[in-house]
1. Please list, or write none, the aspartates and glutamates whose alpha carbon is within less than 19 Å of the alpha carbon of Lys247, excluding same-chain residues fewer than 8 places away.
2. Between Gln210, Gln198, Gln269, which gets the highest mean-square fluctuation from a Gaussian network model of the chain, Cα cutoff 10 Å?
3. How much mean residue ellipticity at 222 nm does the chain get from its helices, if each DSSP H run of length 4 or more adds -39500 (n - 2.57) and you divide by all residues, to the nearest 500 deg cm²/dmol?
4. What are the ³J(HN,Hα) couplings of region 293-302, residue after residue, when phi is run through the Karplus curve with 6.51, -1.76, 1.60 and θ = phi - 60°? Round to Hz, x for glycine and proline.
5. By per-residue mean of other Cβ atoms within 10 Å, what is the highest-first order of 377-383, 96-102?
6. Based on Cβ point charges of +1 for Lys and Arg and -1 for Asp and Glu, what charge dipole magnitude is obtained for region 242-400 about its Cα centre, in debye rounded to the nearest 20?
7. Please list 3J(HN,Hα) in residue order for region 164-171, calculated via the Karplus relation 6.51 cos²θ - 1.76 cosθ + 1.60 where θ = phi - 60°; whole Hz, with x for glycine and proline.
8. To the nearest 10 degrees, how steeply does helix 26-65 sit against the main Cα axis of the chain, on a 0 to 90 scale?
Amino acid sequence: MSESSAIPAATVTKPIDGWLARFTIPDEERAFRDHYSAATLATTRIALIAALALTAAITVLDWLFMPGYYVAKTAPLRIAAVLLPLGFALGTSYVPDARAMFDKIVAIAVTLAGVATVAVGAIGVRYEVGFELLAAMLATSFAYLAVGLRRQPAAIAGGSIFLAYVGLGLAVSTSMQDFVYSCLMLALANAIGIYAGQRFETNARDLYTQGRELERLSRSDNLTGMPDRYTFHQHLTNIWRQARRDKRSVAAVLIDVDHFRLFNEYYGQADGDRCLQRLADLLGERVRRPLDLVARYGGKEFSIALYDPTEEFVQQLVDALCERVFSLEIPHNASEGSAVVTASIGAAVVRPEEGGGPEQLLRSADDALYEAKVRGRNQAVVYNPEWLDASRTRVPGIAL
Ligand code: C2E
Ligand code: C2E
């Protein structure tokens, strides 16, 4: 089966290992980030609410118990650079249109809040309240572990907090020895955060990849590995919409194995399966473009969706497919019409901008398939809109 006939391999790309582990295909990386962001949304909200509540509580406690000159400097900083950005990030999480920017907003808010927390500590030293390593540690672990940031933005936030700590500490620390130890502690917290974030995100990427693979398997046919009817309908609907937009054509092809029930009864299920696999391989070879798709439509039926084909190409393709099935020379001693397995094929080509819908296209392809059977099977028919004018009706009593 050709690659284009299956669900695109891009859906199951394996992430590359290492620090920059990411999906090689940009769309896939974007899809993973959207998925990750949606999966961590609830915990991110809880973390933001907790950080807001903690900062508000400390601000109130400072106001109650700390000297007025200290509160006058630190309260505005906490409000402007911690409460407002974190509150803004929390608010954005409830605005669906802002969801695409949510990750970046959280990363910026957490960086600002962390640096401001360190700055409050530095102000504390000036007023002899003490330069707290603990606050910087809390802000660092919040960035890496609590707020659901991916490891890269988390490392940028954690690194910024560390640099702010070093810079402000150099300016205000009274004991260089204590300060150096504190810096080492904070650097260690960053290293642990990076390591944990790396492991966590690699696991998340692996789980995501496995989930996509399971989804792909559940939507493909077990016997042939081809996309199933549901996937085919989805794909046809998608290319229909794309073709309407691009003012291009779309074609649907239905392939039905002639007298397959008799084949199964005569040769048994295992040979029946093998026969279908060979036909699936043959069809897959002929479907080459990225927007074309071949699927197992039902038990003995296959379907092909084609984006922007000419009518001539469709006619050539279905005729060639009929001949190729015949030339496989799979013996069919139980057949009423031919000594080898044959197929009847119906196709329809339309321009979506002229109206109708994918269901109507499939009905037309089905009418053409019916016509191929009425004409004696082992042939291909492309739907002719003039049939409608002639008020054609199906011949009653023919078993299809
Ligand atoms: P290829 O001929 O080796 O072309 C490789 C890729 O180059 C195609 O991938 C397509 O992206 C691009 N390409 C080549 N020629 C053209 C062209 O005239 N117009 C445009 N827009 N793009 C072109 P793609 O689409 O996945 O096709 C895969 C293979 O399927 C092709 O490999 C070719 O062997 C076959 N194929 C697809 N469409 C046609 C066609 O209209 N006529 C023929 N003879 N073969 C085709
Ligand atoms: P062609 O091979 O005679 O194909 C004529 C037209 O049939 C194409 O016009 C397209 O509408 C349709 N067609 C052919 N193969 C396919 C297919 O695999 N899938 C679908 N959905 N439609 C198909 P188009 O696209 O304007 O191409 C004109 C000519 O350009 C082709 O004539 C071929 O000579 C060349 N060409 C286009 N794409 C490729 C390609 O990927 N590889 C090669 N080798 N040639 C290509």
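Every number in this text was worked out from the coordinates using simple rules, so none of it is lab data. No experiment lies behind these values; they were computed from the predicted model shown. Backbone-built Cβ (ideal geometry, glycine too); neighbour counts: all protein chains shown.
1. Straight-distance partners of Lys247: Asp292, Asp308, Glu311, Glu312, Glu353, Glu354, Glu359.
2. Gln269
3. -20500 deg cm²/dmol
4. Here the 3J(HN,Hα) series is 9, 10, 9, 8, 7, x, x, 10, 10, 10 Hz.
5. Numbers: 377-383: 22.3, 96-102: 12.1.
Sorting 377-383, 96-102 by mean packing, highest first, produces 377-383, 96-102.
6. The dipole of region 242-400 has a size of about 240 debye.
7. Result, rounded to whole Hz: 4, 5, 5, x, 5, x, 4, 6.
8. 20
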